[in-house]
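Single-structure report; data block below.
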Amino acid sequence: MADEWVPSNKASSEIAWEGPKAVREDLPSVAVMPFVDLSPERLEGHFCEGLAEEVLQGLNKVEGLKVLSRTSSFLYKDADLPAEEICRRLGVQHLLVGSLRKDAGHLSLKVELVSPAAPSLIWSERFERERSDVFSLVADIVGSIASVLRLEASGPRRPPVDLEAYDRYLKGRQYYFRFHRHGMRFASQMFQEAIGLDPGFAAAWAGLALCAAYLYIYVDRSEDHREEALSASGRALELDPALAEAHVSRGVALSAAGRSEEAEAAFEAALRLDPDLYEAYYFFARHCFAAGKTEMAIQYFEWAAAVRPEDFQAVLLVAQAYDSLGVSDEAEAARRRGLALVEGRLRHVPEDARARYLGANALVALGEREKGLAWARMARSLDPEDSMLLYNLGCIHALAGDPEEALDCLVRAVAAGLTEKNWFLHDGDLESLRQHPRFLELLRTLDA
């Protein structure tokens, strides 16, 4: 019953984690802007944002410094506003800005720390590097800013990484999070190229493991994919056991392999290393939802959304989990919040099929059936044979009261490679199909 469930970290005795770390409001504060791309072809936007995010994450580990989330500061990426006005709107004392030129392996980066309270620049430095270690550069920037603010940068430096390998890694991450079979294969290729350039790049091994696990669960349940997920995640941990992302990849690989308790231990290890890591919360939540641990899934999805408020996926997926527990008010609020995020995403990236079908699900659940089905048709036109898309279309049509079309989509999703039975068993969107003979037959095929 809805009134028996408490939406907090006490929702389940199994939840041991306390969530993202609290931030004191009286600390000196800084926001990091995406670096401006000055490269000849202006094709390094992914690199500019990725490097700025690395600096942001490094600053986040400086004791005594409040660092604004990527979501808040990156909103002003293209805003034609003076630094003082951005600081005022964000409510921070300092703003880190920079410009980057990357050309044939050479990196030129100028970084400045500005403050409305200061008569001039607080700090400025130019870095010139040739295929050098990216993380050493990040550590130098973080250390300089900490010193200027009379704080102390702590923690071990990450192992060195080649500049071009890091570029491939960022492209891989960009495509991985589209959760689409074609993007996943391209992401896998980018991670493999990164490893070829720098075999010791632990984060690239972790990315490769995530791709292999996705392909195993949603595209082709072959032993090759399962083994690659386990071996690549194991290699990431060997190379850098202090890397939270490596533990996340291990958790995803173990979850795909059906080793549930080991997977949960890996996710918890990731969160101990980095309490603000979105991927740890998000993938832990997906694991819990598939395992039928709905209350835990809700809490971890909510924490994922808190860490990355611009992310529509965690918000819309938590709505489905709320529905499974009959918490209709929370489900509706989450869907409205997620739908607003989806609409913002589609204004900038109209071809994002995942945003389109998750938004379609929310629309149908909120009673906007015809608009939701129109969005579903648009999503399907982008890639009618993608297993993840077909599964979600099945959920949408089930919610819309069209069981035969829903079952057609689910059957095609399984034929296209999605064989994760737990989603069929625990997804509340499919409740209306539970006793349908075709659904029961479909479950039997998943046991085969």
Legend entry - Filter pass, Ala165 being within 22 Å of Ala353 (Cβ to Cβ) and assigned to a helix (DSSP H, G or I): no
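Every residue, every condition in (1) in contact (Cβ under 8 Å) with a residue 12 or more places away in the chain; (2) in a loop (DSSP other than H, G, I, E, B); (3) within 21 Å of Lys293 (Cβ to Cβ), yes or no:
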{"position": "Leu389", "(1), (2), (3)": "yes, no, no"}
{"position": "Ala398", "(1), (2), (3)": "yes, no, no"}
{"position": "Glu405", "(1), (2), (3)": "no, no, no"}
{"position": "Leu410", "(1), (2), (3)": "yes, no, no"}
{"position": "Leu425", "(1), (2), (3)": "yes, no, yes"}
Legend entry - Count of the range 75-110 residues which are under 16 Å from Glu44 (Cβ atoms) and surrounded by 19 or more Cβ atoms within 10 Å (Cβ to Cβ): 5
Inset, instruction - Inspect all residues belonging to the range 314-331 and state whether any of them is surrounded by fewer than 24 Cβ atoms within 10 Å (Cβ to Cβ), more than 17 Å from Asp427 (Cβ to Cβ) and charged (D, E, K, R). - result: yes
Inset, instruction - With respect to Arg129, determine if the residue is in contact (Cβ under 8 Å) with a residue 12 or more places away in the chain, assigned to a helix (DSSP H, G or I) and among the basic types (Lys, Arg). - result: no
Legend entry - Lone unmet requirement of (1) under 25 Å from Glu330 (Cα atoms); (2) crowded, with 23+ Cβ neighbours inside 10 Å for Lys293: (2)
Inset, instruction - Could you tell me which residue of the range 181-224 is modelled with the lowest pLDDT, considering only residues that are of a type in the set (Asp, Glu) and out of contact with any Asp or Glu (no Cβ under 8 Å at 6 or more places or on another chain)? - result: Asp220
Inset, instruction - Say whether the condition of being under 16 Å from the mean Cα position of the chain (by Cα) and not in a helix (DSSP H, G or I) is met by at least one residue in the range 311-322. - result: yes
Legend entry - Lone unmet requirement of (1) farther than 19 Å from Tyr214 by Cβ; (2) part of a helix (DSSP H, G or I); (3) not charged (D, E, K, R) for Gly292: (2)
Inset, instruction - Considering each of Asp427, Asp383 in turn, give the residue that is under 24 Å from Cys211 (Cα atoms) and either buried (at least 20 other Cβ atoms within 10 Å of the Cβ) or of a type in the set (A, V, I, L, M) (or both). - result: Asp427
Legend entry - Top-ranked residue of the range 35-52 - restricted to ones that are in a loop (DSSP other than H, G, I, E, B) and either at pLDDT below 85 or within 18 Å of the chain's Cα centre (by Cα) (or both), ranked as nearest to Ala285 (Cα to Cα): Glu44
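The values are calculated or read from the model by the stated rules, or taken from the named source; none is laboratory data. Because the structure is a prediction, the values reported are computed rather than measured. Methodologically, a virtual Cβ is constructed for each residue, glycine included, from the backbone with ideal geometry; neighbour enumeration extends over all protein chains shown.
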